[in-house]
Amino acid sequence: MSATGLRSGQVAEAAGVNIQTLRYYERRGLLTVPDRSPGGHRLYDQETVTVLRVIKAAQRLGFTLEEVAELLEAGRHRHGRVVAGLQERAAAKLAEVDAKIADLHTIRAALVTAVDAGCDDLTACAASPCCPLPFTDLAEENRHAGPCC
């Protein structure tokens, strides 16, 4: 590469990350090792900015850095042929997201019920037969027939 490549700060700024993130991704093997200028500065090509943006976007979609690394590696070795991976992994991630959404709906419903019931004391609420919180089954033996929360 010529000495006209992008320096670390330029790449980090263009990709919206900090220099420590850039170096960390480089150490993890997510980025190719850059060439060096005659003065020893790292010089990156424009593709590095794109790869950094892809990594950050994939993380926002819920992919771990390990998963991102596997996807990037598969892409590097495809040599013009289709490599299975992204579709399957995206479908699996979608299933994970759907499961999390279902869990969040359950949590939300329990919290709405607790707020509507006026629960103020977790211990007292757990001992109440009308406690709306999910831990009521755990307190089954401590229940008494008192007023709700």
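Just so you know, all these numbers are worked out from the coordinates, no wet-lab data involved. These figures come from a predicted structure and were not determined experimentally. In this analysis, Cβ positions are derived from the backbone assuming ideal geometry, glycine residues included, and neighbour counts consider all displayed protein chains.
Average the reciprocal distances over every distinct pair of alpha-carbons in the stretch 8-83, invert the result, and give the Kirkwood radius in Å.
Value: 13.1 Å, from the Cα pair sum.
Sorted by packing (mean other beta-carbon atoms within 10 Å per residue), highest first, where do 52-63, 36-47 land?
Descending mean neighbour count gives 52-63, 36-47.
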